[in-house]
1. Rounded, prolate or oblate: which one fits the stretch 321-387, using the alpha carbon gyration tensor with axes a ≥ b ≥ c (rounded when a/c is under 1.5, else prolate when a/b beats b/c, else oblate)?
2. Before anything else, pin down the relative contact order of the chain: Cα pairs under 8 Å, at least 6 apart, normalised by residue count, whole percent.
3. For residue 209, list the lysines whose Cα falls under 17 Å from its own Cα; do not include residues on the same chain fewer than 8 positions away.
4. Around residue 123, under 12 Å between beta carbons, what's the net of Lys plus Arg minus Asp minus Glu among the other residues?
5. Please sort by residue number the GluC sites (Glu not before Pro) in the stretch 232-299 whose DSSP state is loop and whose Cβ has at most 15 other Cβ atoms within 10 Å.
6. Stokes-Einstein D for the stretch 6-150 at 20 °C, 1.002 mPa s, Kirkwood Rh over Cα pairs, in µm²/s?
7. What per residue convex hull volume, in Å³, comes out for the chain when only alpha-carbon positions are used?
8. R0 = 56 Å: FRET efficiency of residue 171 with residue 70, Cβ-based, nearest 0.05?
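The numbers here are math on the coordinates, done by the rules we state, and not lab data. Note that the coordinates shown come from a computational prediction; the quantities given were computed from them, not determined experimentally. Glycine also receives a Cβ, built like all others from the backbone with ideal geometry; neighbour counts cover every protein chain displayed.
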Amino acid sequence: MSRPSRKIVVLGSTGSIGTSTLDVAAASDGRLQVIGLSANRSCQRLLEQARRVRPRWVAVMDEESGRQFDWREVPPETQLLLGPEGIERMAVDDEVDVVVASIVGSAGLAGAWAAVQAGKTLALANKETLVMAGPLVMREAAQRGATVLPVDSEHSAVFQSLQAGRRDELKRIILTASGGPFREHSRQEMEQVTVEEALAHPTWNMGEKITIDSATMMNKALEIIEARWLFDLQPEQIEVVVHPQSIVHSLVEFQDGAVVAQLGPPDMKLPIQYALSYPERWDGPAARLDFRRVFSLDFFPPDEERFPALGLGHEVARRGGTAGAVLNAANESAVAGFLQGRIRFTDVVPACRAVLDEHNYDPSPTLQELLGLDAWARKEMTKWMGV
Ligand SMILES: NC(=O)c1ccc[n+]([C@@H]2O[C@H](COP(=O)([O-])OP(=O)(O)OC[C@H]3O[C@@H](n4cnc5c(N)ncnc54)[C@H](OP(=O)(O)O)[C@@H]3O)[C@@H](O)[C@H]2O)c1
């Protein structure tokens, strides 16, 4: 008897998470059928994916790139969609079971929001969605019967570990952080780091933006905020520990002191697959731990002086409201500025702090207001960078 397959749409399929998602689907023995793909501008890569996967749709966000590209080799059954409507069209279609949100940055919010409104299962890699609009997204999901499952490895580890106890037995969660390439750098050394050095992550191979976020530890700040809304935790229940090997993906402590963790090599295919197979577990292509090899697991408290992003993360998780959207947009803009050589590595976090302090805080904004603040924070950051 053939198994019914889960029909998935991969938003941001040409990126690092998107590509790994297609690998997971290809190895799923027909359990996962990819019926929609999307890119911003990488049309050639999207075409290659479409020829392999033969989806119902490919969507290109940047309409100009999509129009100019030669699509003659796209499979005949695949329809080309252009612009933001294309992404939303795929995310809400009745045939779709799971939407994988793997677009980078605040651009990922619209597709994730559409999926939640349509009551879909949302496999969420785009942490920015919850950083910007966590309370709104989680409330909408509850009202529409949508399920939000984490793809971020730390949140997947927490989600898996939480299954060892009841919710009212949970004491705290501990997010692990590799510490990035500058874990042992002094403040002075950090002032000199180049873009190339910041892009060389010691354990994970990821897209550019999240790689810089890992180096500043803003990634962990965003993850603190993501965890706050995803798991409905108090900010004081969320701690961070530096674990350079990236094998323990995060831990959960229960009331009796038991600490439960999920381990594995640094390979996103496992958390991606778990979000797609949940509540089942399947054999899959993720790398395995080999206990015949000697390896050690180290844990250090984070240095919040050298990595002030962590304090910002806790502060924004406490404040909620408009703070997350402003921090997120300020950071995206500052990271772009650093990659373009307009500011130094050590300017990124103070610049975010400055823009955050400048904004008109509102404890319960609408989605429209958050999008307006996203645009405002980018402009403020451009001013801060003196451009
Ligand atoms: N990479 C990881 O290991 C990892 C781990 C945990 C969480 N995440 C999260 O997953 C998300 C994706 O990260 P990534 O590393 O996979 O990023 P990435 O490699 O940079 O890929 C980003 C994807 O988003 C598309 N995209 C970019 N800008 C867009 C826009 N304005 N509109 C529509 N699509 C757009 C890109 O299309 P083009 O190819 O056309 O540019 C690409 O498909 C991020 O939120 C990140 O924080 C990533």
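1. Numbers: a/c = 2.43, a/b = 2.08, b/c = 1.17.
Note, shape of the stretch 321-387 comes out prolate.
2. 15
3. 127, 220
4. Value of the local net charge: 0.
5. Working: sites: 236, 239, 253, 280; in loops: 280.
Answer in residue order: 280.
6. After rounding, the answer is 144 µm²/s.
7. About 153 Å³ per residue, rounded to a whole number.
8. Values: r = 57 Å, r/R0 = 1.03.
Computed FRET efficiency for residue 171 and residue 70 comes out at 0.45.
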